[in-house]
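Below is a structure I'd like to ask you about.
Laboratory data are not the source of any read-out in this text; all were calculated from the coordinates shown. Note that this is a predicted model, so its numbers are computed, not measured. Glycine gets a Cβ as well: all are built from the backbone with ideal geometry, and neighbour counts include every protein chain shown.
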C-alpha cells in the first residue's frame, strides 16, 4: 500500500487514498450492528484510513453519533466529513431540500453536537435546492469557515455550472458524486472542471452499491430493509442486463489476479490523483478487500480496455428512484 496520500482541494490537507463511507452502519443496507460497525471503524483507523464520511440524515443523526463515539481519542488523525441539506420525514424516504443560510447554521450546530467535535473538516451541501441561490448558501458556509466551525466546503452531485458559481464565492475543496464503472457521468464536464479549479473528487458508491463486487445476482440476495430492493438498477430486466457489466468486471479482475471490487476501485484511483473513492461497508472483511485495491496497479493498456468495455451510460436503469433523483446534477 505504497500509494501516496491525496490532497483535499487546495487546503494543504492530505488524506489516505481510500476513505470509508459510514452510511450503511445506520440504515439503508439492511440490519445494523453497532459493535460490528465500531470494530470496522477501528480496523479502518489502524489500517491508515483517514477520511470518514457521514451525514446528518443517515439514521436520522444516529450515524453522526456513532462516528462521534469512534472519534474519541482519534480526532487529530481523522479527516471528518459530514453533510446537510436533505430534510427527511421520519419513518419515510420522502424528503425536501433546504440550503437556506439559517438552516445551514442550525444543521451545522446540530452535527457538531452529535459528533461531539469543535469543527468539521469538510462540510458538504448534500443536495442543491433551487429555492436558495448557490451564492447565498456558499456565503453562509464561508462564514462558518471564518468562525472555525468547518474547515472546508464541499458540494454533492452538482453540475459544472453550479460548481463554478460556488467556487467564485469561496474556494470549494471537494465535490462528492457517484462515480464508478457503471456510473461514469462525472467525466462529462464535472471532473475536468474539478481538475481546472483544484477541487478534489470524492467518489461515493465506487462499487455500484455493491453490485460490481459480483455478490448480488438477484433481489433475493438483498435483505429486508435494503433500499436497493427498490432501486431501478436492481430490479427486473435492469438487473438481468446489468449482470453483464459484472461479468465484464470479473473477467478483467480474473486476468489481473484480483477481486472485482479491487479492480473497480483500482480503476477509479487511476483516473487521477484528485479522485478519492469512499466505498462504504460495515464489515471488516469487505474493508480489507477494498483496501487491497491499493496493491493493484493497472497498466495504461488495461485501463483503456476496461474503459472501452464499460462506457458511460452502460448501466440499465436510473441511479435512484424519482424521490432520490431530486437535486442531482443541480
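On a C-alpha basis, how far is the centre of segment 32-111 from the centre of segment 1-27 in Å? Whole number, if you could?
Segment 32-111 and segment 1-27 have Cα centres separated by 15 Å.
Just one of (1) 19.9; (2) 21.6; (3) 20.7 is Kirkwood radius over Cα pairs in Å as worked out from the coordinates here. Which one is it?
Of the labelled values, this structure produces (1).
Output the peptides 241-250, 176-185 sorted from most to least packed, where packing is the average of other Cβ atoms within 10 Å over each peptide's residues. Don't skip to the end; give the middle numbers.
On the way: 241-250: 17.7, 176-185: 22.6.
Top to bottom by mean Cβ count within 10 Å: 176-185, 241-250.
Further question on the same structure: Taking Cα atoms, how many degrees apart are the long axis of helix 160-169 and the longest axis of the chain, rounded to 10 and kept between 0 and 90?
Its long axis makes an angle of about 30 degrees.
Compute the distance in nm between two label points, each set 7 Å from the Cα along the Cα-to-Cβ direction, one at residue 36 and one at residue 72.
2.3
Please figure out what share of the DSSP beta bridges in the chain is antiparallel and state it in percent, rounded to the nearest 5.
Percent antiparallel among DSSP bridges in the chain is about 20.
Which residue fluctuates the most in the chain, going by a Gaussian network model with Cα springs under 10 Å, if the choices are 191, 298, 71?
So, out of 191, 298, 71, the one fluctuating most is 298.
Another question, if that's okay. Pairs of Cα atoms under 8 Å, at least six residues apart: use those to get the relative contact order of the chain, whole percent.
Values: 608 pairs, mean separation 70.1, N = 330.
Across the chain, relative contact order equals 21 percent.
Can you give me the angle between helix 300-309 and the longest principal axis of the chain, using Cα atoms only, in degrees from 0 to 90, rounded to the nearest 10?
The angle comes out near 90 degrees.
Could you work out how far helix 260-269 tilts from the main Cα principal axis of the chain, as a 0 to 90 degree angle to the nearest 10?
Helix 260-269 and the main axis of the chain meet at about 50 degrees.
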